[in-house]
Amino acid sequence: MGKLSGADVLVKCLVQEDVRFIFGIPGAQPITILDAIHRFGRSEGLEFIMTRHEQAAAHMADTYSRLTGRPGVCLGTVGPGAANLVPGVYEAYVNSIPILVLTAQNQTWRSYPDHGSTQGCDQLGLFKPITKWNALVSHWQRIPAMVQEAFRMATSGRPGPVHLDLPVDILFGEGDEEEIKILPPSRYRPTVPASGDPQLIKQAAEMLARARSPLIHAGGGALRSGASEEISKLAEFLGCPMTSGITARGTIPEDHPLSLISLGLGAVAARSQADLVLVVGSRLGALDFWGRPPVWGKPEEQKIIQVDTAPESLGENREVDLAILGDAKAAVRDIQAALETIAEPRSEHPQLAQYRTLQAAWLQNFEKLGQSDAVPIHPLRVVRDAREFFPRDAVFVTDGGNTTIWAHYLTRIYEPGTCLWCGDSGMGGGGLPKAIAAKLVYPERPVFAICGDGFFAMNIQEMETATRLGTNVVIIVNNDRAYGMIKAAQDGALGKRYIGVDFADVRYDKMAEAAGWYGERVEDPREITPALKRAVASGKPALLDVIIDAQANFAPPDFNTVVAVWLEGVTIPQY
């Protein structure tokens, strides 16, 4: 038995948790962490991934968590390094993504309260509003217990980010190895997800058996728990439609015959008219229209069964008829088992054909625009050609304002873990870092992103990161030389007066070439697919700088309809 530093203990704890990457920027204070990774972490499969900005590091930890089901880890040094992590940590917090945020801190005798130290910062106060739990590590012997508590908190209930603040003297401090004990996860926290109460599971099955027109709605919790197969099997048994929240796309294959597209009018009609909805892993937030009429049925006419791991999410935004506290995958599996003992499989619900007809009518104009040969290029032509070019299991990333709306219309998602988006946070700048992290997790899969030029430029420096790591992603920049969504808002609100929304013509393709990428500007829609072929064939990270029609990009045609539904300004078709 020998001597260990505090940083050695920390890295051993992370190895025990099967952490594969720590994303961040090095600094003087956490130098011992990097040294421990170099000395023994790498041989255990742990790598430090240097980014060019800490925001990107947090987005990459978030992506790692979404794609693997295990908490991602990011690192920032004291003061500005910690502060730069905030945008990415905020996104993870809003979307309930478990990540571990590590920040170095000045010495214990200089901090809390700080009294004028260089880079002094109340990092506990900084991260408290955007983490589930955070703490200062006050002694090197406490590191194992604090790391265990961090992982326990990150993964229990409603998942989310957690934060450990690590003073430099704690990281450099040494002690005898025999003084610490590092436990495997199975010895200190649940590793097998819990199903719901058996009586409530049975009651849910009985309610589904009695329902005339049930519907299953999946949220982010269903995606995180890996409940895709269980939800599809239950829907097939019931012959009922499935929908997902827009942040949970991929839970349900969007070409499954029982699937209706998120925010599509077919899905809206089905949700509003179901007599019972099984809500799996969703709190029914803003992008689910709060579970309220007219997008959903009236509470006196539509029963709700809600399954969630977080007790505070049950009945939070919509009153429920049955609340089940439990893991989505386990609960849906057990509901199906109970249902099979009291009911026979049903044929497809007759209204589904009508919902599909409504969905097809909703998509028709988008599909027509997606075939447009107009110059400048229509945004939907970019979306359609990219989706048709990349295979079914490609990981798709979107980042932007109106760009994300266009992408939703014609980018079908077929598998879990193949759609990455900022979701409820509305955070910009994550597209490129997320694509890089996705390629690290799935090196054998194509990864492509469609980004608005405004958001892409927020973390454009990460092109060097992709070159250095050899992560051959394909980035498509929808270039309208503006913050298009905000410009459109000013167009309507300010009588075509535009303030602070227009850009100079930047050659993103040339910037990509300078970073060692393949770069190409595309101005003819007929060149999108050939350019994608050249990009992939280059064997490098690749960027297509696509000049889109700025006027067409102003207002996605269905956006006003969605807003009107949200404000209860339209009537849902009845069948």
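Every read-out reported here was derived from the displayed coordinates using simple, explicitly stated rules and does not represent laboratory data. Everything numeric here is computed off the predicted structure, so don't read it as measured data. Cβ atoms come from the backbone with ideal geometry, glycine included; neighbour counts cover every protein chain shown.
Packing-based ranking of 407-415, 60-68, 43-51 yields 60-68, 407-415, 43-51, ordered from highest to lowest mean Cβ neighbour count within 10 Å.
When the Cα convex hull of the chain is projected onto planes of every orientation, the mean area is 27.3 nm².
Ordered by the number of other Cβ atoms lying within 10 Å of each residue's own Cβ, fewest first, S138, S156, S272, S425 fall into the sequence S138, S156, S425, S272. Oblate is the label for the stretch 76-213. Its Cα gyration tensor axes, ordered a ≥ b ≥ c, give a/c of at least 1.5 and b/c at or above a/b. Multiplying the residue separation of I342 and E319 by 0.36 nm and removing their Cα-Cα distance gives an extension gain of 5.6 nm.
Only alpha carbons enter this Debye calculation for the stretch 207-269, each as an equal point scatterer, and the log10 of I(q)/I(0) it gives at q = 0.13, 0.26 Å⁻¹ is -0.30, -1.14. Between the stretch 415-475 and the stretch 50-98, what is the separation of their alpha carbon centroids in Å? Using only Cα atoms, the two centres lie 14 Å from each other. What share of the DSSP beta bridges in the chain is antiparallel, in percent to the nearest 5? Percent antiparallel among DSSP bridges in the chain is about 5. A full extension of the chain between K128 and E300 corresponds to an added length of 58.0 nm, given 0.36 nm per residue minus the alpha carbon distance.
Taking label points 7 Å from Cα along the Cα-to-Cβ direction, H139 and T467 give a separation of 4.9 nm.
Note the count of lysine pairs whose C-alpha atoms are less than 25 angstrom apart in the stretch 3-187, limited to pairs 8 or more residues apart or on different chains.
Values: K3/K12; K3/K181; K12/K132; K12/K181.
For the stretch 3-187, qualifying lysine pairs total 4.
Panel note: the C-alpha atoms of the stretch 402-464, placed on their principal axes, show extents of 30, 28, 18 Å (largest first).
Contact order for the chain, expressed relative to its length and based on alpha carbon pairs under 8 Å spaced 6+ residues apart, stands at 12 percent.
Calculated FRET efficiency, H256 and S538, Cβ-Cβ r, R0 35 Å, to nearest 0.05? Mind showing how you got there, number by number?
Working: r = 35 Å, r/R0 = 1.00.
After rounding, the FRET efficiency stands at 0.50.
Long hydrophobic helices in the chain, taken as whole DSSP H segments with a C-alpha length of 24 Å or more on their own axis and mean Kyte-Doolittle hydropathy at least -1.0: 351-369. The listed peptides 233-244, 165-176, ordered by packing as a protection proxy, come out as 233-244, 165-176 (highest mean of other Cβ atoms within 10 Å first). Globularity index of the stretch 370-558 is 0.96 (Cα radius of gyration / 2.2 N^0.38 Å, N = number of residues).
With the highest mean first, a sort of the peptides 142-148, 19-25, 396-402 on other beta-carbon atoms found within 10 angstrom per residue produces 396-402, 19-25, 142-148. State, to one decimal in nm, how far the label point of Q490 lies from the label point of D505, with both points 7 Å from Cα in the Cβ direction. Here the modelled spin labels are 2.0 nm apart. Straight-line cross-link partners of K233 among the lysines, defined as a Cα under 18 Å from its Cα and at least 8 positions apart when in the same chain: K202, K329. If you take the beta carbon distance between T118 and R392 as r and set R0 to 56 Å, what does 1/(1 + (r/R0)^6) give as a FRET efficiency, to the nearest 0.05? In this case the efficiency is close to 0.60. Shape call for the stretch 198-352 from the C-alpha gyration tensor, a ≥ b ≥ c root eigenvalues: rounded (a/c under 1.5), prolate (a/b greater than b/c) or oblate? In terms of gyration-tensor shape, rounded. What FRET efficiency comes out for E47 versus Q107 if R0 is 25 angstrom and r is the Cβ-Cβ distance? Round to the nearest 0.05. Calculated value: 0.30. Length gained on full extension, I31 to R210, computed as 0.36 nm times the residue gap minus the Cα-Cα distance: 58.2 nm.
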